[in-house]
Amino acid sequence: MNGMSSTAATLLREDLRDFAGYKSARSGVALSGDAWLNANESPSVSPADAAGALRRYPDPQPQALRNALASLYGVDAAQLLATRGSDEGIDLLLRAFCAPGQGAIVIAPPVFGMYAVCARLHGARVVDVPAQDVDGSWRSDLAAMADAALREGANLVFVCNPGNPTGEAVAEGEIERLAQRLRGKALVVVDAAYAEFADTDAAAALLAGNDNLVILRTLSKAHALAGARIGSVLASPELIGMLQRCQAPYPLAQPAVAAALAALAPAALAHARAAATQARAERERLRAGLLGAAGVRRVYPSQGNFLLARFIDAQAAFDALLDAGVVVRDMRATAGLGDALRISIGTPAQNDRVLAVLADARQAA
């Protein structure tokens, strides 16, 4: 940018500046022959794979998939890296921008636990700037997160938007101000796993003016492909190249790629949009019902496909739901959430079961 080094180039680990990564037999090779003897693959077909498609190693970054995902998220294909869920994106960012046993990340707990897990496995420090429970909703202090990043020399600042488990929504303007303040100093990583359920989904538009902004997306939630493990990192082409050099040789399994391409077809996308619309409506209906339950202390507003609720007796509520065959997420081990459960939005019938169980539990009490 204007002759200056990008933030990614400034922050990339010194020992990786000349690192080319592993070049697999599928990397940058035009496979035009009919006898592929370059990857030590089996020449015979497995009985479990009658078509023989799986005896070949997959394309590390299938162009059709990258194009489809880029179209979905409104970016160029060069700005996107397909990953094994967004979890791999988190891990790659730690690998590339924090030397082993060094560096730091900033997070705003209560928040998705994989940021801290990946950091600690890598030996990076975790700097907490706790979100605040104010007037019945959660709010991350992005200015304080910037202060902490500058004070602690953190290379990565994670902003979960919408927040998990809080359901918090962070305005794009706040994210842009954070990125601008940390330009040249740290990368701002926006985890947008639940963006399809939010009122707005415009973070990708900020990439053009902020070379230190990274966005994580996934097909696990709104597109119902959690088992396929298909995620994306959106960032500058330069940063995408850095992460790809740190990625495993064959990260994407062929069946998962096929499932993702099918899910990105027009009819499937229309279905996903309709399902997200229903989830938003059900979220508000379930929240209204929970607010009327005597055993519920508080139900936070949410921009995700879940609700975080505090209970007078969270154990009793958890047990009653479990006895009825309803499994929810027990959040009580999380600091500040000692009385809380997180409830994913299910089908209308499943949501009715939750409300009925809690009503019965209230009457029994």
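Throughout, read-outs are computed from the coordinates displayed, never taken from laboratory work. Note that the structure is predicted; figures quoted are calculated from it, not measured. Reconstructed Cβ throughout: ideal geometry from the backbone, glycine too, with neighbour counts over all protein chains shown.
GNM on the chain, alpha-carbon springs under 10 angstrom: the most fluctuating residue among A53, A294, A316 is A53. Relative to the longest principal axis of the Cα atoms of the chain, the long axis of helix 63-73 makes an angle of roughly 40 degrees. Among D91, D49, D319, the residue with the largest mean-square fluctuation in a Gaussian network model of the chain, with springs joining Cα atoms closer than 10 Å, is D49.
Would you compute, from DSSP H runs of 4+ residues alone, the mean residue ellipticity of the chain at 222 nm, taking -39500 (n - 2.57) per run and dividing by the full residue count, rounded to the nearest 500?
Taken over the chain, the calculation gives -11500 deg cm²/dmol.
Sorted fewest first by neighbouring Cβ atoms within 10 angstrom, W138, W36 come out as W36, W138. Dipole size of region 1-86 about its Cα centre, with +1 on Lys/Arg Cβ and -1 on Asp/Glu Cβ: approximately 100 debye, rounded to the nearest 20. Taking the DSSP bridge list for the chain and keeping only pairs wholly inside it, about 60 percent are antiparallel. The distance linking region 28-105 with region 316-365 is 39 Å (Cα centroid to Cα centroid, whole angstrom). Each of C160, C98 was scored by other Cβ atoms within 10 Å of its Cβ. Arranged with the fewest first, they read C98, C160. Annotation: the residues K23, K221, sorted from fewest to most other C-beta atoms within 10 Å of their own C-beta, follow the order K23, K221.
When only Cα pairs below 8 angstrom with a gap of at least 6 residues are kept, the chain shows a relative contact order of 17 percent.
Remark: region 277-288, residue by residue, has Karplus-estimated 3J(HN,Hα) of 4, 5, 4, 5, 5, 5, 4, 6, 5, 5, 4, 4 Hz, where x stands for each Gly or Pro and the curve is 6.51 cos²θ - 1.76 cosθ + 1.60 at θ = phi - 60°. Per residue, the convex hull around the alpha carbon atoms of the chain comes to 161 Å³.
Residue by residue, region 77-86 carries 3J(HN,Hα) couplings of 4, 5, 8, 10, 10, 7, 9, 7, x, 6 Hz when phi is fed to the Karplus relation 6.51 cos²θ - 1.76 cosθ + 1.60 (θ = phi - 60°); x denotes Gly or Pro. From the largest down, region 268-364 spans 41, 29, 22 angstrom on the principal axes of its Cα atoms. Phi-derived couplings, Karplus 6.51 cos²θ - 1.76 cosθ + 1.60 at θ = phi - 60°, listed residue by residue for region 130-136: x, 5, 10, 8, 10, 6, x Hz, with x used for Gly and Pro. For region 39-148, the alpha-carbon coordinates run over 61, 35, 27 Å along the three principal axes, in decreasing order. With K and R counted +1 and D and E -1, the other residues having a Cβ less than 11 Å from that of R217 yield a net charge of -2.
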